[in-house]
Structure formats: C-alpha cells, structure tokens
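Below: the structure, in structure tokens.
The values are calculated or read from the model by the stated rules, or taken from the named source; none is laboratory data. Note that the coordinates shown come from a computational prediction; the quantities given were computed from them, not determined experimentally. FYI the Cβ positions are ideal-geometry reconstructions off the backbone, even for glycines, and counts take in every protein chain you see. All accessible areas refer to the heavy atoms of the entire protein, side chains included, with ligands and DNA or RNA removed. Shrake-Rupley method; radii C 1.70, N 1.55, O 1.52, S 1.80 Å.
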Amino acid sequence: MEIVVCVKHIPDPNIPPEMDGHRLKREGVQGVLDPGDEFGVEAGLQLKEQLGGNVTLVSMGPAPAMDAIKRGLSMGADQGVLISDDALEGADALVTARVLAAAIGRNQFDLVVAGVESTDGYTGTMPSTLAEFLGVPQVTFAKTIECSDGRVKINRQTADGYHVVECDLPALITVTAGVNEPRYASFKGIMAAKKKPVETLSLSDLGLSGDEVAVKQSIVELAAAEERKAGEVVQDDGAGAARIADFLQEAKVI
Amino acid sequence: MAKVWVYAEVSPDGTVDTAALELLTKARELGDAEAVALGPGATDAVEKLGEYGATTVYASDDDVYADYVAQPAAHALHELIEEHEPDLVLFATNYDSRDIAGRLSAKTGSTLMSNVTGLHSVDKAQTAIFGGATLVDVELEGNPKLVLVRPKSFVAEPSGGSAELVEVDVDVDDDLKKAERVERHEEEASGPRLEDAPVVISGGRGLGEAGNFKLLDELAGLIGNAAVGATRAVVDAGWVPYAYQIGQTGKTVKPGVYVAVGISGATQHIVGMKGAKRIVAINKDEEAPIFQIADLGIVGDALKILPQLVEEVRSRKG
Ligand SMILES: Cc1cc2nc3c(=O)[nH]c(=O)nc-3n(C[C@H](O)[C@H](O)[C@H](O)COP(=O)(O)OP(=O)(O)OC[C@H]3O[C@@H](n4cnc5c(N)ncnc54)[C@H](O)[C@@H]3O)c2cc1C
Ligand SMILES: Nc1ncnc2c1ncn2[C@@H]1O[C@H](COP(=O)(O)O)[C@@H](O)[C@H]1O
C-alpha cells in the first residue's frame with residue numbers, strides 16, 4: 001500500500017506569534033512539525049505496519065520545512081518530498097493544494113493522509129481541495145480508521161456524533177487529533193532518518209509556473225479588535241458563590 | 001445588483017441549519033440573496049429560506065447528496081454556478097460545507113477564504129487572528145468568490161419574504177458516489193442545543209475529573225434553558241463527548257451568560273465563546289487568561305464553589 005502523508009512545518013505554537021507586515025513572521029522563529037500532522041504520520045505508519053507498503057511524507061515550504069520531514073522520518077516514515085520555491089511565499093490553500101497535487105500525482109498512490117486543519121493557519125480546506133485536484137474521494141474528520149484490501153472505513157466526526165463512512169481506494173483521508181497516539185521518535189529512528197531519501201523539488205520540476213501558483217487574495221488591512229474589558233476579579237472568601245448568584249440574577253437568568 | 005448565494009445545510013425533516021439563516025440575513029444586505037439546498041428535506045426548507053431573504057432556492061431532495069460525502073454536492077453546485085453565475089457563494093463552517101467548499105475551490109479556481117467573521121462587501125471579507133485580538137480585511141478573489149463563515153458571525157433576522165423553488169436536476173455520475181455514509185450516530189441531547197442556549201456553563205480541566213461534570217449538569221438543570229459545554233482538553237480526555245466542545249475546532253456559542261469553570265482561557269477556546277454577552281469565570285489561578293475577558297472573576301476552588309452555587313441558586317429560585 002502506497003501511503004502519502006502531508007506534513008506542514010509551522011512556527012512553534014508555544015511561542016506567541018508576531019506579525020511581519022501583513023504576514024505571520026516566520027524568519028528566526030523556531031519551527032516544528034505541525035502537532036496535528038503527527039496524527040497523520042502515525043496513521044500512515046500504523047497502516048503500513050498492518051498492510052505493508054511505503055509511507056512518503058510530502059511538504060511544501062521553505063528550506064527549514066525539511067525539519068518537519070526529518071521528524072516524520074524519525075518516527076518511521078520511509079521517504080520524503082519537499083517542494084520549495086521562492087515563488088511560493090505566502091501561498092494560500094488553493095496554491096498549496098495545486099502544488100501538492102502535482103507532486104503527489106507523479107506517482108501511483110492508495111491513500112493520502114492530511115490533518116483536519118493546520119495549527120497555525122487553520123484554514124481547514126487544503127485537503128479537500130487537494131482531493132479534488134487528485135480526482136479522488138475524501139473521507140474526512142476521521143476519529144477511527146480501518147483499512148483492508150482496497151477499502152477504507154472511518155468514523156467521521158459530526159457536530160453531534162459520528163457517521164461511518166466507507167470508500168474504495170485511492171482516497172484522501174483527514175485525521176482529527178485523538179485518532180491515535182503518535183509515537184515518539186526513538187534515538188534509532190533519528191539516526192535512521194539521516195539516511196532516508198528526501199527529494200527536493202522546485203516549481204519547474206513540477207511543471208508549474210506563473211499564474212497557476214500566483215497568490216491572488218490579498219490582505220488589505222489589519223486592525224486591533226475591540227477588546228473585551230476585564231471586569232472585577234475577586235478572591236473567593238466564602239462569598240464567591242453568592243457573588244455569582246447575584247450576577248446571574250442581574251442577568252435575569254435566575 | 002450582486003448575486004449572493006448561500007449554501008444551506010438542511011435536515012431530512014426540512015429544518016435549516018441556523019448558520020444558513022445568519023448568512024442569508026447578511027447576503028440580502030450585500031445583494032440579491034439566493035440559496036442552494038441539496039439532499040432530503042431541501043424542498044421543505046424553501047419556505048424557511050425565503051422567510052430569511054432568499055428570493056430563489058435551488059433545491060433537490062435527492063438522497064445522493066446526503067449519502068455520499070462532498071463530491072455530488074460540489075459537482076451540482078459547480079454546474080449551478082456555471083449556469084447562474086453568482087458573484088459570491090457563502091458557506092457556514094460546518095463539516096459537510098467545509099468539504100464541499102474545498103472541492104469547489106479546485107473546480108472554480110477561486111481562492112476559498114476560511115474563518116470569515118465579517119463581510120464588508122461582495123469582495124471584501126474580515127477574519128480574526130490571534131484568538132480574535134486582530135482583525136484582518138481580505139480582498140476576495142475569483143469568479144465566483146468563495147467564503148466559509150464561522151457560525152454566529154451574524155444575527156439571523158427574518159425578512160418576511162418568500163422564495164421561488166427551482167428544482168435542481170443535475171446528473172451525478174457513479175464516479176462521484178464513492179465515499180458513502182453507511183451509518184449515522186447522532187447523540188440526542190436533552191435540554192437546549194449548545195449553540196442556541198441563552199446560558200452556557202462550561203467546564204475545563206480544573207474540574208479535576210469527569211464525574212465532577214455532574215455539578216455543571218445540576219446547575220444547568222436548576223437554571224433551566226442552560227446547556228453544558230467543555231474545552232478540548234477535557235473532550236480529548238474523554239470526560240464528555242465531542243459535541244460539548246467549544247472553540248476553534250468545536251462549536252461557537254453566543255449566549256447571554258457564559259460560565260467558565262476551571263478553564264484557563266486558551267485562544268482556541270476563547271474564539272468560540274467571546275461573543276457571549278456576559279462572562280463569569282471561576283479559576284484558582286488569578287493569572288488565568290480567562291479573567292482578562294470575564295465580567296466577573298472568582299479566584300477560588302471550583303469544587304468548593306460549585307456545590308455552594310448550586311445551593312444558592314436553588315434557594316433563590318425558591
Ligand atoms: C489546533 C488547536 C485547536 C484547538 N481547539 C480548541 C477548541 O476548539 N476548544 C478548546 O477549548 N481548546 C482548543 N484547543 C486547546 C487549547 O489550546 C487548550 O489546550 C484548552 O482549551 C485548555 O483546556 P482547559 O482550559 O480545560 O485546560 P487547562 O489549560 O489545563 O486549564 C485548566 C485551568 O483550570 C484551573 N484549575 C485547576 N484546578 C482548579 C480548581 N480546583 N478550581 C478552579 N480552577 C482550577 C487552572 O488554574 C487552569 O487555568 C486547541 C488547540 C490547538 C492546538
Ligand atoms: N504546506 C503544506 N505542506 C504539506 N501539507 C500541508 C501544507 N499545508 C497544509 N497541509 C496539510 O493540510 C492540513 C490542513 O491544513 P490547512 O487546510 O492549511 O488548515 C494540514 O494538517 C496538513 O496535513
């Protein structure tokens with residue numbers, strides 16, 4: 001089974017973000033493999049352990065995005081593909097999907113795995129756009145995954161429960177946090193990762209150019225939102241509950 | 001006048017997703033509002049959609065749209081778009097809509113704008129970043145422009161209008177019938193829906209253990225017309241079902257009163273509840289970020305305060 005996992009390199013979510021003009025500042029910011037994509041890598045690895053095959057990681061991003069691929073390789077993936085090109089700076093979900101589709105579509109695949117949404121951008125639509133470009137169905141918001149001969153079955157999260165969705169391969173799947181417990185990279189895994197193949201591609205390698213990958217949507221203004229003011233903060237000296245009850249009464253809910 | 005479409009999710013009994021009504025209310029301000037509804041219940045929903053400002057509703061009751069994920073609906077929408085050329089198509093950030101809109105972006109070549117919280121015009125949208133602290137205006141691109149709007153961004157108000165039904169008759173190839181819904185499990189909630197409840201009482205990790213959620217249930221029951229919510233931390237820990245989750249990857253609520261118990265106030269939680277009219281927080285850490293947005297903050301042990309609060313509310317209700 002040929003499994004492709006999309007992995008995004010993002011600024012460390014534990015460091016408060018800063019703006020650089022109209023964009024999130026990325027230079028000089030420590031990057032990590034998106035924690036949401038660790039679930040995707042783990043899902044890929046478990047399916048490989050069960051059914052055999054290969055796990056290929058694919059990422060689009062500047063050179064440091066290699067770290068995200070290395071991390072996934074340390075967890076146990078077999079190989080990586082990094083698409084890096086200056087022309088892709090500021091790429092939106094549509095452009096990202098087009099580029100990833102071009103890279104993934106070069107080879108035959110059974111399953112493409114992505115996160116439901118990225119931790120930094122939380123656009124949440126890239127995978128669906130990618131599925132359309134690849135011409136495959138999508139099984140999304142997976143809470144559980146079962147895969148057998150040529151078919152995938154998931155519990156798809158819904159607002160008030162879940163649906164069971166089944167689909168023939170090839171397909172694209174998105175995974176929620178909690179679909180599995182991502183493994184840690186072992187020392188052996190980290191050493192092995194150094195020898196695993198990673199292909200680096202530019203846009204011209206993919207036969208993409210100019211208009212196809214131009215970012216068209218533009219930010220025209222940034223402004224601070226009206227802040228909610230902090231109200232009164234009081235220590236509970238035994239009268240806290242009564243204070244809240246007063247508050248509820250003033251708000252006419254009791 | 002600009003033609004603004006709303007993709008409305010409907011239930012088999014004809015109920016319209018509240019977020020679609022919010023979008024229609026905004027759409028009619030921006031131009032000529034029309035709606036598209038696909039799947040069982042669609043034609044029964046026409047009346048309601050008209051009441052909220054749709055002049056035309058393109059609808060089909062065909063099961064294919066509900067039985068197969070995204071592909072049939074994206075295909076039908078694309079055909080309708082080519083035929084009727086709307087300027088802007090609005091989707092609410094719901095599971096199915098998100099999948100459909102994503103595929104449509106590839107089909108139309110329009111950049112899909114996600115997480116929109118405001119619309120200035122048919123080609124300018126607003127989104128919020130950093131947990132809502134910074135607002136960003138974005139010039140939309142494409143034909144049509146495609147936008148995913150967070151629920152509760154607008155208030156739904158009926159216009160008293162009525163809509164003309166146009167039956168959708170699009171061929172859906174077998175090729176598009178792949179990802180099939182074979183079972184549906186929905187939890188029947190008792191009491192008001194979380195999204196609609198005038199009072200929301202939410203618990204976080206500070207409650208210590210799953211069993212303590214019953215204190216929140218008890219309080220909600222006493223207040224009446226109140227729903228219980230939760231943070232992702234406790235949903236992930238399995239204390240309560242995902243349907244309770246409020247925040248970026250959960251539900252958005254805008255109640256009259258929001259009571260946050262043992263919740264730190266992470267940005268991803270705050271985006272889902274900061275629209276509440278009044279916020280009360282109980283947290284034992286006076287530095288907890290939730291206090292920065294609370295109208296009343298009580299620094300103390302939730303497990304001590306909650307039982308007292310239950311008694312207090314019980315006695316005041318008489
Ligand atoms: C991509 C992404 C999406 C996310 N989406 C969401 C989302 O949709 N919704 C969401 O909620 N989170 C979301 N999160 C998680 C979010 O970042 C926080 O981790 C989460 O909201 C924290 O939950 P909490 O407040 O229950 O727990 P904690 O942050 O652990 O806070 C517990 C609080 O309880 C207090 N406390 C402890 N004991 C007591 C006591 N006895 N009495 C009173 N107070 C006490 C502590 O002081 C602390 O402030 C998301 C994160 C990511 C990365
Ligand atoms: N630049 C990228 N490279 C590889 N995968 C990506 C990239 N951007 C997004 N993805 C994948 O798409 C998922 C959803 O991202 P998004 O739609 O951007 O919120 C992520 O969890 C990744 O799996």
(message) Quick check on region A:167-189: of everything there that is within 16 Å of ligand 2 (Cβ to nearest atom) and part of a loop (DSSP other than H, G, I, E, B), which residue is farthest from A:T140 (Cα to Cα)?
(response) A:P182
(request) Sort through B:G191, B:G265 and tell me the only one that's more than 8 Å from chain A (Cβ to nearest Cβ), surrounded by fewer than 20 Cβ atoms within 10 Å (Cβ to Cβ), touching a residue at least 24 places away in the same chain (Cβ under 8 Å) and at positive phi. (result) B:G191
(request) Run A:K195 past the list (1) of a type outside the set (G, A, S); (2) at pLDDT below 95; (3) open to solvent by 70 Å² or more (accessible area, probe 1.4 Å) and report the number of the one that doesn't hold. (result) (2)
(request) Could you please find all residues in region B:222-231 being within 11 Å of chain A (Cβ to nearest Cβ) and either among the polar types (S, T, N, Q) or within 16 Å of ligand 2 (Cβ to nearest atom) (or both)? (result) B:N225
(request) State all residues of region B:142-156 that are facing another protein chain (nearest Cβ under 8 Å) and either open to solvent by 30 Å² or more (accessible area, probe 1.4 Å) or under 19 Å from B:A73 (Cα atoms) (or both); if no residue qualifies, say none. (result) B:L148
(request) Confirm whether B:V235 is open to solvent by 10 Å² or more (accessible area, probe 1.4 Å), closer than 26 Å to B:D196 by Cβ, of a type in the set (V, I, T) and within 16 Å of ligand 2 (Cβ to nearest atom). (result) no
(message) Being in a helix (DSSP H, G or I) and surrounded by 13 or more Cβ atoms within 10 Å (Cβ to Cβ): is that true of A:E212 here?
(response) yes
(request) Identify, by number, the condition in (1) away from chain B (no Cβ under 14 Å); (2) within 16 Å of ligand 1 (Cβ to nearest atom) that A:F141 doesn't meet. (result) (1)
(request) Report, by residue number, each residue of region A:100-131 that is assigned to a helix (DSSP H, G or I), more than 11 Å from chain B (Cβ to nearest Cβ) and more than 8 Å from ligand 2 (Cβ to nearest atom). (result) A:A102, A:A103, A:I104
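Would you mind listing the helices (runs of 4 or more DSSP H) fully within region B:63-146 where at least 3 residues are out of contact with any helix residue (DSSP H, G or I) (no Cβ under 7 Å at 6 or more places or on another chain) and of a type in the set (D, E, K, R)?
Values: elements: B:64-67, B:71-84, B:95-108.
Here the list reads B:71-84.
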(request) For region A:11-53, enumerate the residues that are closer than 26 Å to B:D137 by Cβ and either among the charged types (D, E, K, R) or modelled with pLDDT of 95 or more (or both). (result) A:E18, A:D20, A:R23, A:K25, A:R26, A:E27
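Report, by residue number, each residue of region A:47-78 that is away from ligand 2 (no atom under 16 Å from the Cβ) and without any contact (Cβ under 8 Å) to a residue 24 or more places away in the chain.
Result: A:E49, single match.
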(message) For A:V164, only one of the following conditions fails: (1) more than 22 Å from the chain's Cα centre (by Cα); (2) under 22 Å from A:F133 (Cα atoms). What is its number?
(response) (2)
